[in-house]
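Just below is one structure, and these are the notes that go with it.
The values are calculated or read from the model by the stated rules, or taken from the named source; none is laboratory data. Note that the structure is predicted; figures quoted are calculated from it, not measured. Cβ: placed from backbone, ideal geometry, glycine included. Neighbour counts: every protein chain shown. Quick note on the areas: whole protein, heavy atoms, side chains included, nothing else; ligands and nucleic acids left out. Shrake-Rupley method; radii C 1.70, N 1.55, O 1.52, S 1.80 Å.
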Amino acid sequence: MVNALTDVAGLAVGHHHRIEDGWATGVTVVLTPPRTVCAVDVRGAAPGTRETDLLDPANLVQHVDAVVLSGGSAYGLAAADGVVRWLAERGRGFPVGPQPHQVVPIVPAAVLYDLPMSSWGNVPDAAFGYAACEAAGGGVAAGSEVAEGSEVAEGSVGAGAGATAGRLKGGVGTASIVLDGGHTVGALVAVNPSGDVVDLATGVPFAAGLGLPGEFGLREPSAADVEAAAARLAPVAGAAPFNTTLAVVATDAALTRSQCRRLAMAAHDGLARAIRPAHTMFDGDAVFALATGARPVAEGPTAPVVLSALAAAAADTFARAVVHAVLAATPVGPVATPAAG
């Protein structure tokens, strides 16, 4: 266990980004094992998404091949084209013909707004998505075994390269937990909200109290810490609004599409615990939920109890991942946004 989304066996995560003169943006892709169920819940008022209508339980396709989180606002949706191409080259997708290559990869995607962090026109494209898949590795797409618990880079990487979190630098974070019943729940977030992620009086993340013992290495702030936090969290001159937090939560439980959506809905509770205010008119907050189906869920009266435990874990794990994102982030780009770590 590495306290990451990849503790859910079969999932792989890849980042690709550019952080240099005129560039601070990127893409994160989650590759899934075959027959992974997916649902989505969008709460922000300014979303940018692709293939989310397909995830309605009433619609035809029941499984996805990857999920893409990207910077670049609406332009960044083009990154999913590269993921589709990478999967198609490996025969992964919804079969539409008799030949193995006659497939349509199912790749939902969502984007966050980080345009002011790069020169205009420098946005993720299909090449970013393809490179993120290459970084994740070929095992998942080929249907072979993937090592459980692969390390996942955090901070100013992938979709979090140009992210900001209120007055601080945002980024990518991840966390996981194993429940008493043996099911694993993981979360990966790209933290880029208009709201704050820390108490402006102390600089301590709102969700720090949800951490596992010793997880964040934080201590009670001293008077000097509070004074330093006040200086660090002052408004950033010239800063523009950078909005939307995106996430993938996942479990190895065998869930239906409707049950998966319940997981995504609950995960938004974790967003609200970690970010204040949350789900504003300027955010496009979206959470994808994945269920690989590797571990069955007992039928009968205990099934709702298990689902409730999975949902509660999704919320807490999401909130913990937000803390990891801001603690791991480093300043990048033209706006001198301070980092929490």
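For the reader, a short list of remarks on this structure follows.
- At a probe radius of 1.4 angstrom, the accessible area of the chain per residue rounds to 39 square angstrom.
- For peptides 175-182, 243-250, 10-17, 203-210, sequence by mean Cβ density within 10 Å, most packed first: 243-250, 10-17, 203-210, 175-182
- Surface composition of the chain: carbon plus sulfur atoms contribute 55% of the solvent-accessible area (1.4 Å probe, protein chains only, all chains present).
- Coordinate range along principal axes, alpha carbons of the stretch 1-134, Å, largest first: 47, 36, 32
- The protection proxy used here, the mean number of other Cβ atoms lying within 10 Å of each residue, ranks peptides 25-34, 154-163 as follows, highest first: 154-163, 25-34.
- Taking the chain as a Gaussian network of alpha-carbon nodes connected by springs under 10 Å, the highest mean-square fluctuation of the residues H101, H324, H63 belongs to H101.
- Amide hydrogen neighbours beyond the local backbone of V104, cut-off 5 Å, H modeled: F94, V96
- Put simply, the chain fits an ellipsoid with semi-axes of 31, 24, 16 Å; these come from the alpha carbon gyration tensor as the roots of five times its eigenvalues, largest first.
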